[in-house]
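Here's the structure we're looking at; comments come further down.
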Amino acid sequence: MKKWLYAAGLGLALATSTVAQAADKIAVVNVSSIFQQSPQRAVVAKQLENEFKGRATELQSMERDLQTKVQRLQRLQRDGSTMKASERSSLEKSVMAQRETFSTKAQAFEQDNRRRQTEERNKILSRIQDAVKSVATKEGYDVVIDANAVAYATNVKDITADVLKQVK
């Protein structure tokens, strides 16, 4: 008898929680759309471009110089030996050392650039998240779900436009 009462009580508790959940006010927001339309995104892109411009220019210059040396080396090998073996060996070593330096600098550049882009993207997303919380609180929503995570929903308010106004 106790098990039956326990089961009945558990069933009643589950039914009550289901009814309470159904009463939640739910909205959706398209975070990626807000991110794409965010004016801060263009500002940050320009800022990062300026931040990395010097290093990018240096890498482009290094790459051109390296290509020139490689073409010169290939021409010498193709046209026959007009250069002493020691000079050719020196040029080959120089090219290999320059390739290594270029590769190291290019990898560091990519890592730094990717890290900064991630930092700035996260700042913008944090600002969007704060705007979502603000709009949800003001409008009285209990749950806000990213529109890209919802397969289907009816009678759900889309607050994307309101959040976008808040972000701008």
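Descriptive notes on the structure:
- Additional length obtainable on full extension of the chain from residue 26 to residue 145, 0.36 nm per residue less Cα span: 42.1 nm
- Projecting label points 7 angstrom from Cα along Cα→Cβ for residue 48 and residue 155 puts them 4.3 nm apart.
- Near the amide H of residue 145, within less than 5 Å, lie the amide hydrogens of 27, 28, 29, all on another chain or at least 5 residues away, with H placed in the peptide plane.
- On region 35-168, 48 percent of the accessible area sits on carbon and sulfur atoms, based on a 1.4 Å probe.
- Simple spin-label estimate for residue 95 and residue 36 in nanometres, 7 Å along Cα-Cβ: 4.6 nm
The values are calculated or read from the model by the stated rules, or taken from the named source; none is laboratory data. Computed from a predicted structure; not experimentally measured. As a convention, Cβ positions derive from the backbone with ideal geometry for all residues, glycine included, and neighbour counts pool all protein chains shown. What goes into the accessible areas is simple: the full protein's heavy atoms, side chains included, and nothing from ligands, DNA or RNA. Shrake-Rupley method; radii C 1.70, N 1.55, O 1.52, S 1.80 Å.
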